[in-house]
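*Asks:* Take a look at the following structure, please.
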Amino acid sequence: MISVKLVGGAKKSFLKEILEIDKSDISIQELLELLLELKPVDSPKLDMENILIAINGVDSSAMNGKSTIIKNNDLVSIIPVIHGGTSKKITFEILSKQIQIIEIKGKSTIDVKFIDDLRKKYPKILFQAVSSNFIMNVYHLKKILSLSLESKKNNILLSNKLETDILMRFALTKQISDAIMTAGIKPRTNFILIAIGNKKFLNLLFDDLSTLSVNLFSKKNDSFLKKHFKITQKQIDSAYSKNPLEDILVEKAAVLL
């Protein structure tokens, strides 16, 4: 027996919060196909490509993605990704943490002090800023955040602060100074602002920064990432996955311990 917890808009698609599925040892992909069969015909559509799936509180993207096997008595949470009505902001939840992503346009006047000022103004929000060059796409971002949050939960962070662990995993280094130097804020370079906190304060933050924000992930940076991290085409061809570069980056980030 598998329990499926439906969060947010997913509840509207199935007209209930918990589904009990009389199966076990099936993959997430197989479960999703089954859910599509079980969904009432006249209920709202659930976008299966824009959901987070957690098994017993652990984001499946930090495991084997849709190939992850669900065991008997597992609790599977289906969490729709909320886009906040704009491509300038993405909000979602990982391990019960509310997370908001904004891309800030790089200016000569914006530096590390920008983040320090935000931390003073919004003390209940945890902030980190990562150069946009080091984040491939939203899925890469979510997988790295899942690794960091899971490490915090298990008390195995790369440093004593979650926000530092996040930066180090995007920079693929165990050296804090190297992470700041390579993947931190740089003048005239766009950066992704990662904010973790209460939804009310996250909304206030976005309103505060809306004039500085730009459309998320508008620049394709695969070539930069391959060159910077010395990832060869041979490595990509041998990855045997739908998103090989993304998976290689996440794998490298996962084994930094």
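The values are calculated or read from the model by the stated rules, or taken from the named source; none is laboratory data. Model, not experiment: these values are computed from the prediction. All Cβ positions, even for glycine, are placed from backbone atoms using ideal geometry, and neighbour counts span all protein chains on display. Calculation scope for accessible area: heavy atoms of the full protein, side chains included, ligands and nucleic acids excluded. Shrake-Rupley method; radii C 1.70, N 1.55, O 1.52, S 1.80 Å.
*Asks:* State whether the stretch 1-89 is rounded, prolate or oblate according to the following rule on the C-alpha gyration tensor (a ≥ b ≥ c being the square roots of its eigenvalues): a/c under 1.5 gives rounded; otherwise a/b larger than b/c gives prolate, and the remaining case gives oblate.
*Replies:* Working: a/c = 1.93, a/b = 1.25, b/c = 1.55.
Because a/c hits 1.5 or more and a/b fails to exceed b/c, the stretch 1-89 counts as oblate.
*Asks:* Could I ask something else about it? Given [x] 51, 49, 40; [y] 52, 45, 42; [z] 56, 44, 34 as candidate values of Cα extents along the principal axes in Å, which corresponds to the one derived from the coordinates?
*Replies:* The calculated read-out lines up with [z].
*Asks:* Another question, if that's okay. Test of understanding: extend the Cα→C-beta vector of Lys174 to 7 Å, then name every residue of the stretch 108-149 with backbone N under 18 Å from that spot.
*Replies:* Output list for this probe position: 148.
*Asks:* Roughly how tilted is helix 244-254, in degrees to the nearest 10 and between 0 and 90, from the longest Cα axis of the chain?
*Replies:* Taking the Cα atoms of the chain, the angle to 244-254 is about 80 degrees.
*Asks:* For labels at Val112 and Leu32 in the simple 7 Å Cα→Cβ model, what's the distance in nm?
*Replies:* The modelled label-to-label distance comes out at 4.0 nm.
*Asks:* Let me ask another. Taking only Cα atoms and a 10 Å spring cutoff, compute GNM fluctuations for the chain and point out the largest among Val138, Val58, Val214.
*Replies:* Comparing Val138, Val58, Val214 in the GNM, the peak value goes to Val138.
*Asks:* Still on this model: Which distance in nm do the two modelled labels at Asp42 and Ser87 give, with both placed 7 Å along the Cα-to-Cβ direction?
*Replies:* Output for this residue pair reads 3.6 nm.
*Asks:* Hey, another quick one. Suppose accessible area is computed on protein heavy atoms with a 1.4 Å probe; arrange Thr232, Thr189 from highest to lowest.
*Replies:* Output order, biggest surface exposure first: Thr232, Thr189.
*Asks:* Which order do peptides 34-44, 155-165 fall in by mean Cβ count within 10 Å, highest first?
*Replies:* 155-165, 34-44
*Asks:* Which distance in Å, rounded to a whole number, links the C-alpha centroids of the stretch 3-45 and the stretch 145-216?
*Replies:* Value for the Cα centre distance between the two parts: 32 Å.
*Asks:* How much of the accessible area of the chain, in percent, comes from carbon and sulfur atoms when a 1.4 Å probe is used?
*Replies:* 52 percent
*Asks:* Given a Förster distance of 22 angstrom, what is the FRET efficiency for Asn203 paired with Val7, based on the Cβ-Cβ distance and rounded to 0.05?
*Replies:* 0.70
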